[in-house]
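Here is the structure we will look at, set down as structure tokens.
The values are calculated or read from the model by the stated rules, or taken from the named source; none is laboratory data. Keep in mind the model is a prediction, meaning the values are calculated, not measured. Here Cβ is always computed from backbone atoms with ideal geometry, including for glycine, and neighbour counts include all displayed protein chains. Only protein heavy atoms, including side chains, enter the accessible area calculation; ligands, DNA and RNA are left aside. Shrake-Rupley method; radii C 1.70, N 1.55, O 1.52, S 1.80 Å.
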Amino acid sequence: MNMDSSRLNKRIQILKIEKVRDADGYETTKETVVRAPWAQFYQISGTELMKAGASFSEVKVRFLIRWSGTPVSRKMVVRYNGADYDIEYINGYGDSMEYMELWCSRKTLEG
């Protein structure tokens, strides 16, 4: 599959978010940046959501990034443009495994 790498023009962060205890024993959140790749950003249109029978209370997006030896899991979060997206599905893009698709969702104010 031929991909134009110039479309990878949005910087994202893939974060591992963990609950940890601070020095006083209180639970807090620790964020670790796993990767900070360039990505192609694609927002799913309302028409596509209707065809798929998906909820409009979530924003559905796709990030296309280069494949890496660094593992990415659905327990991680994508941060893009000040918003966090839950990873719902990870897909190897094409036969060559040069790229990876991250299908994600973000709750909207209505959801």
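Worth a mention:
- Counting the residues of region 1-13 that are surrounded by 10 or more Cβ atoms within 10 Å (Cβ to Cβ) and of a type in the set (Ser, Thr, Tyr) gives 1.
- Flag if Thr47 is open to solvent by 30 Å² or more (accessible area, probe 1.4 Å), more than 16 Å from Thr32 (Cα to Cα), among the β-branched types (Val, Ile, Thr) and at pLDDT below 95: yes
- Hey, Trp67 at pLDDT 95 or above, open to solvent by 60 Å² or more (accessible area, probe 1.4 Å) and either among the hydrophobic types (A, V, I, L, M, F, W, C) or touching a helix residue (DSSP H, G or I) at 6+ places or on another chain (Cβ under 6 Å) (or both) or not: no
- Subset of region 14-36 (residues that are open to solvent by less than 70 Å² (accessible area, probe 1.4 Å), free of Cβ contacts under 8 Å to residues at least 12 places away in the same chain and either touching a Phe, Trp or Tyr at 6+ places or on another chain (Cβ under 7 Å) or of a type in the set (A, V, I, L, M) (or both)): Val20
- Among the residues of region 71-111, those identified as among the hydroxyl-bearing types (Ser, Thr, Tyr), at pLDDT 85 or above and open to solvent by less than 50 Å² (accessible area, probe 1.4 Å) are Ser73, Tyr80, Tyr85, Tyr99, Ser105.
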